[in-house]
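Read-outs: derived from the displayed coordinates by stated rules, not from any lab. Here the structure is a predicted model, which is why all the values come from computation and not from measurement. Every residue, glycine as well, gets a Cβ built from its backbone with ideal geometry; the counts of neighbours run over all protein chains shown.
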Amino acid sequence: HRSKPRQVHGDIDLLFDEATMVNEPFLDLIASLVAGAGGVDESSAKPGLALKRGPIKKPGRALQKLVRLYGRDVAMLTDLVRCLVLAEDLHQVQALIATLEARSVVGMAFDHQWSNLPANGGGGRFGEGD
């Protein structure tokens, strides 16, 4: 059982200041990973792996989450900077994971159960045909 990650401090004003500072560089990093995996620009109408940039979580919503879910423990608030990566099929997910592994300086461990995907990108249910 893994516990939820926590912030190193519990100062909500500082968390929002940090989120504002890292938002664009973080989203640019994710965009470069998506591009490195053959993704399309988020403004493109073409289908494919794509980044959808999200706004920093609104303070009112963050406070609601703190009260309802985290017992007012500010250090539990870990999703102020947000984005979404959309993939058309599992091959695109596999390409993104490979790009992430290649650029990682920490090292990563993934279960590579998708290494033998069918040519159609695994459009069926997960595990179908096993």
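A few notes on this one:
- Annotation: amide H of Leu49 within the under-5 Å range of Val40, Glu88, sequence separation 5 or more or interchain, hydrogens built in the peptide plane.
- Under the convention that each Lys and Arg Cβ holds +1 and each Asp and Glu Cβ holds -1, the size of the dipole of the range 41-92 around its Cα centre is about 440 debye.
- Of the residues Phe16, Pro5, Leu33, the one whose Cα sits farthest toward the positive end of the charge dipole of the range 1-58, with +1 on the Cβ of Lys and Arg and -1 on the Cβ of Asp and Glu, is Pro5.
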